[in-house]
Structures are given as structure tokens and as C-alpha cells.
Amino acid sequence: MAEDNFETALTCLKKSGAKITQQRKTILKYLINSHTHPTARQIYNDLNQKDRSLSLATVYNTLEALIKAKLVINIDDKKSNEHHFDYFGTPHYHIICDRCGLIVDGHNFEFQDLLRQAAAESNFLVREAQIEVHGLCPNCQQAVYQK
Ligand code: ZN
Ligand code: MN
């Protein structure tokens, strides 16, 4: 399953005109298999252990190419000012804790209906959507509301 995703994503990245290197493939594979919404620094720390020649600059320019190819999205944590990255081959939405920054994936949502309705209402050609639901995670609810 992840292999299929990888081949499809790689084709998509090539089509976008991006240069394909072994390190870029490694970063793409890592993001497809990651469900933790890492920052660039976390991606670098994890992958540099196996490949010391990988630089933070390569992580950043690969992320840029993956975002341009619409394979990866950037999620801003407004509180910590950090940027998290997420493979977005399968559209989903994010439920974000405003206290600790936890990001949980949501899949139980019909995206196509929303996009169709948005297009119908605005006459826009809708290309993408990034949806965030904000609140307090269970741990933070305990911390805030329990004495
Ligand atoms: Zn929290
Ligand atoms: Mn996600």
C-alpha cells in the first residue's frame, strides 16, 4: 500500500518538473509513512542518522518541491510558530489542540461535497482545501479543567 503511494507520488513529483534525487525519494518515503506531522528539523534529525550527507537545506528544498507538487501540505502551529509537514496524497482534515499543539488526522468527512458546494456557491475553480478544527485534546482538558 505504501509502495503504491510512493510510486504514484513519485510520478506526480516528476510531472511537477522537480529534480528527483535519492535523498528526495527518501524524504518522500519518510513523509508517506509518517503520521506524526513532523517539522523540518524532526525530519532532518530522523533521516540524518542514516545518511550523514543529508542537510537541513535539502530537507527544506525537498519540502518546497513536494508542496509545489501538491503532495505535501504545511500546517502552521500559530502558538509555537512552527511549521509541520504532512503527506497529503489522501485528503483528510486536522484536529489541532490549541494548548499543546497535538495534531490528529480526521478522515470521517466527505471532502468532495464541501468542494462541490464551495465551487457552486462561488463559481471558483476549486483546487485544494485545507481544513482545521481547533480545540483542547483530552490531556489538556484534564490539565485545564481538573483541580
Ligand atoms: Zn493538548
Ligand atoms: Mn495529517
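Show me, for segment 38-52, the HN-Hα J-couplings you get by feeding each phi into the Karplus relation (A = 6.51, B = -1.76, C = 1.60, θ = phi - 60°), rounded to Hz, glycine and proline as x.
Going residue by residue, I get x, 8, 4, 5, 5, 4, 4, 4, 5, 7, 5, 5, 9, 9, 5 Hz, with x marking Gly and Pro.
Would you mind telling me the share, in percent, of accessible area of the chain contributed by carbon and sulfur at probe 1.4 angstrom?
On the chain, the fraction of accessible area on carbon and sulfur atoms equals 51 percent.
Please list, ordered by chain and number, the residues whose modelled amide H lies under 5 Å from the amide H of Glu82; skip anything fewer than 5 residues away on the same chain.
For Glu82, the qualifying residues are Asp77.
Quick one: check the C-alpha center-to-center distance for segment 6-37 versus segment 83-147, whole angstrom.
23
Of the beta bridges DSSP finds with both residues in the chain, what % are antiparallel, to the nearest 5? Don't jump to the answer; show the numbers that get you there.
Values: 11 of 15 bridges.
So the antiparallel bridges in the chain amount to around 75 percent.
Determine the per residue accessible area of segment 1-89 with all protein chains present and a 1.4 angstrom probe, expressed in square angstrom.
Accessible area per residue: 59 Å².
Number of Lys-Lys pairs in the chain under 28 Å by Cα, sequence gap 8 or more or different chains?
Pairs that pass both the separation and distance tests number 28.
Using the Karplus curve 6.51 cos²θ - 1.76 cosθ + 1.60 with θ = phi - 60°, what ³J(HN,Hα) values do you get for each residue of segment 75-92, in whole Hz, with x for Gly and Pro?
10, 7, 8, 5, 6, 8, 6, 9, 10, 10, 10, 8, 5, 10, x, 10, x, 8
With θ set to phi - 60°, apply the Karplus curve 6.51 cos²θ - 1.76 cosθ + 1.60 along segment 99-111 and write out the HN-Hα couplings as whole Hz, x wherever there is a Gly or Pro.
Values, residue by residue: 9, 10, x, 4, 10, 10, 7, x, 10, 7, 7, 7, 5 Hz.
Please tell me the relative contact order of the chain in percent, rounded to the nearest whole number, where contacts are Cα pairs under 8 Å and at least six residues apart.
Relative contact order, the chain: 19 percent.
Rank-order 24-31, 121-128, 133-140 by packing density, defined as the average count of other C-beta atoms within 10 Å over each peptide's residues, highest first.
24-31, 133-140, 121-128
Applying a 10 Å radius around every beta-carbon, put 41-54, 93-106, 64-77 in order of their mean neighbour count, most first.
In descending order of packing, they fall as 64-77, 93-106, 41-54.
The values are calculated or read from the model by the stated rules, or taken from the named source; none is laboratory data. Given the structure is predicted, the values throughout are model-derived calculations rather than measurements. Neighbour counts run over all protein chains shown; Cβ positions are idealised from the backbone, glycine included. These area figures cover heavy atoms from the full protein model, side chains too; ligands, DNA and RNA do not enter into them. Shrake-Rupley method; radii C 1.70, N 1.55, O 1.52, S 1.80 Å.
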